Amino acid sequence: MTLNLRIPGPMPLPEDILDAAGSQMINHRGPTYKEIIERMTRNMQSLLMTQGSVYFYTSSGTGAMEGAVVNTLSAGDPVLSISIGVFGDRFADIAERYGAEVTRLKTDLGAAAMPEDVRAALRNVAGCKAVLITHNDTSTAVKNDLQALSEVIHQESDALILVDAVSSAGGSPLPMDDWGIDVVATASQKAWMAPPGVGVIAVNDKAWQAHEASEMPKFYFDIALYRQYLEIGQPPFTPALPTVFGLDRALRQLVEEGIESVLSRHAARAQQTRDGLRALGIKLFAEDEVASDTVTAAYVPESVDAAELVSTMRDEHSVEISGGQGPLRGVIFRIGHMGWCEPEHIDQCLQALERTLAKLS
Ligand SMILES: *Cc1c(COP(=O)(O)O)cnc(C)c1O
């Protein structure tokens, strides 16, 4: 049986994207690569609904998060971090490591950030330079109301809004310019239906102005280099060509399908997953109003061991799900449904879950 990989990234890929990723190598300083990078840039701009700049790093999503920080900030800058889980903590850690003065606003796990809490927190961070937000925290499967948070931040301050959209972009609505987001970080292996290996950073004019004043050390992730090279249709450094080929193919397909359709497909798979889990009598971790479009978390039933649940699903049913991270280890399990995810993928996962729970409880 082929593995039904239902972790929150990387996801299984359709045959034609796998084929594209398996194409022969090319000169990344030649005309074919120029065509590819220019097309990928246009397509990503269109899918993120931005007139801003888009650059492709050879990195995972964390590289793009680091890029968001080091390109816009300086040591000593007051920064507000809004964390609703593991990935929010990571964003704050990156900024702190580079010397930012980070104030952390943390919610209870399973909750989204409340706009009024963010307003109050902002009033306590004098001269706040940037707010770090996770759009969708994959560790709790909770989605923040980014539009509402962004509105409050714009009302209260001039702070930049840096968003970790690694597991949301391409799966949840994120009209970057409309919502006034200054930097978006995302990655190929999540909702973008491509292999791991490309981190994506999108920046607007305000972020470029911040870049001019930014003194944090940067070399590999310096967007000025990527801008300079993009002018001649090249990357500054050797790209992960197989991932680029796959991502290029995926982005073309997504643009052709239309972002509205892509997003409603994700919402439908999320709904199917939540409905199916409830039908099995399983308690969901997040309330429906804040539930993620790309990953679903649920409590491991009390009579069942979490590690055994995951291993039985994998070994006996060829369905790979994820357990919980950090304090949620042993408490929840997570099912990924982003990128290429057909209703049958979820049905099969739920059937395997039903049999596994019958066996283990
Ligand atoms: C996957 C993910 C990341 C980045 O993880 P990498 O392993 O570095 O790609 C960051 N933030 C969120 C919300 C994620 O889901």
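Quick note: the coordinates plus some simple rules give every number you see, no bench work behind them. Everything numeric here is computed off the predicted structure, so don't read it as measured data. Cβ placement follows ideal geometry from the backbone for every residue including glycine, while neighbour counts extend to all protein chains displayed.
Here are a few things to note about the model shown:
- Based on C-alpha pairs under 8 angstrom that are at least 6 apart in sequence, the chain has a relative contact order of 25 percent.
- Cα gyration tensor of the stretch 119-275 - equivalent ellipsoid semi-axes, whole Å, descending: 26, 25, 13
- Shape descriptor for the stretch 122-161: Rg over Rh equals 1.02 (Cα atoms; Rh from the Kirkwood inverse mean 1/r).
- Comparing HIS135, HIS337, HIS211 in a Gaussian network model of the chain (Cα springs below 10 Å), the most mobile by mean-square fluctuation is HIS211.
- Sequence-distant contacts, meaning Cα pairs under 8 Å at least 6 residues apart, place the relative contact order of the stretch 315-361 at 28 percent.
- The stretch 189-250: chymotrypsin sites (Phe, Trp or Tyr not before Pro) in DSSP coil with no more than 16 other Cβ atoms inside 10 Å: PHE219, TYR220, PHE237
- Each of ASP16, ASP315, ASP77 was scored by other Cβ atoms within 10 Å of its Cβ. Arranged with the fewest first, they read ASP315, ASP16, ASP77.
- Taking 0.36 nm per residue of sequence separation and removing the Cα-Cα distance, the GLU35/ALA358 pair yields an extension gain of 111.0 nm.
- Distance between the stretch 120-147 and the stretch 329-350 - C-alpha centres, whole angstrom: 27 Å
- Pairs from LYS143/LYS190; LYS106/LYS129; LYS106/LYS283; LYS129/LYS190; LYS129/LYS218; LYS143/LYS283 whose Cα-Cα separation, in the structure shown, is over 26 Å: LYS129/LYS190
- Considered as an equivalent ellipsoid built on the Cα gyration tensor, the stretch 22-137 has semi-axes of 34, 16, 14 Å, the largest given first.
- Basic side chains Lys and Arg get +1 at the Cβ, acidic Asp and Glu get -1 at the Cβ, and with that the dipole of the chain about its Cα centre reaches some 500 debye.
- Distance from the stretch 83-107 to the stretch 160-202 (C-alpha centre basis), Å: 18 Å
- Entry note, the chain: the mean residue ellipticity at 222 nm calculated from DSSP H runs of n ≥ 4, each adding -39500 (n - 2.57), is -13000 deg cm²/dmol after division by the residues and rounding to the nearest 500.
- Value of D in µm² per second that Stokes-Einstein yields for the stretch 203-269, Kirkwood Rh from Cα pairs, at 37 °C (0.692 mPa s): 219 µm²/s
- Per residue, the average separation of C-alpha pairs within less than 8 Å and at least 6 apart gives the stretch 190-290 a relative contact order of 35 percent.
- For the chain, diffusion coefficient by Stokes-Einstein and Kirkwood Rh (Cα), 20 °C, 1.002 mPa s, µm²/s: 103 µm²/s
- Looking at the chain, the DSSP beta bridges with both ends there are about 50 percent antiparallel.
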